[in-house]
Amino acid sequence: MRRQRGQELAEYALALPVILLILMSILDLGRVVYVYSALHNSVREGARYGIIYPTDVVTIETVVRAKAVGLNPLELSVTVVQPDLQTIQVRATYQFIAITPIVGALVGANQWIVGSQATMRVEG
């Protein structure tokens, strides 16, 4: 059986875009999970501060922004609500932008709003 010259190169050229798309999708998925995890932890830390000082809304928002490691603090939208005297709710949202525009085109959007909320009982 004679080897056909260039056959391997043609096969690699056909498979490479699919492999790259899968790799970039995995990277974007990992980034979304990281953003959610950082957001969830920062909201929880803000609520933990809020159970001790429930009226100090500005500091609660500052704590949430400071604990959001790896995220742009200016792009965080933080809301602190005290529905009653016993609980405090801290919510935050962050706009995630995918690295690969083709992944966004396949999913339907290149930007997603990632959010998290923590509710805790006020001490004292």
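Structure above, values below:
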{"item": "Breaking point among (1) at pLDDT 95 or above; (2) of a type outside the set (K, R); (3) surrounded by 14 or more Cβ atoms within 10 Å (Cβ to Cβ), for F96", "result": "(1)"}
{"item": "Filter result for R48 (surrounded by 10 or more Cβ atoms within 10 Å (Cβ to Cβ), touching a strand residue (DSSP E or B) at 6+ places or on another chain (Cβ under 9 Å) and closer than 29 Å to A109 by Cβ)", "result": "no"}
{"item": "Residues satisfying the stated conditions in the range 63-77, i.e. under 10 Å from L39 (Cβ atoms) and not in a loop (DSSP other than H, G, I, E, B)", "result": "V64, K67"}
{"item": "Residues of the range 4-38 satisfying the condition of being in contact (Cβ under 8 Å) with a residue 60 or more places away in the chain and of a type in the set (A, V, I, L, M)", "result": "L21, M24, L27, V32, V35"}
{"item": "Number of the condition not met by P101 [criteria: (1) in contact with a Lys or Arg (Cβ under 6 Å, 6 or more places away or on another chain); (2) free of Cβ contacts under 8 Å to residues at least 12 places away in the same chain; (3) open to solvent by 80 Å² or more (accessible area, probe 1.4 Å)]", "result": "(1)"}
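Yes or no, residue by residue, for (1) among the aromatic types (F, W, Y); (2) over 30 Å from V18 (Cβ atoms); (3) open to solvent by 80 Å² or more (accessible area, probe 1.4 Å); (4) modelled with pLDDT under 95:
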| position | (1), (2), (3), (4) |
| --- | --- |
| Q82 | no, yes, no, yes |
| L85 | no, yes, yes, yes |
| G108 | no, no, no, yes |
| Q111 | no, no, yes, yes |
| S116 | no, yes, no, no |
| M120 | no, yes, no, no |
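The values are calculated or read from the model by the stated rules, or taken from the named source; none is laboratory data. All figures in this text were calculated on a predicted structure; none of them were measured in a lab. In this analysis, Cβ positions are derived from the backbone assuming ideal geometry, glycine residues included, and neighbour counts consider all displayed protein chains. Surface areas here come from the heavy atoms of the whole protein model, side chains and all, with no ligands, DNA or RNA. Shrake-Rupley method; radii C 1.70, N 1.55, O 1.52, S 1.80 Å.
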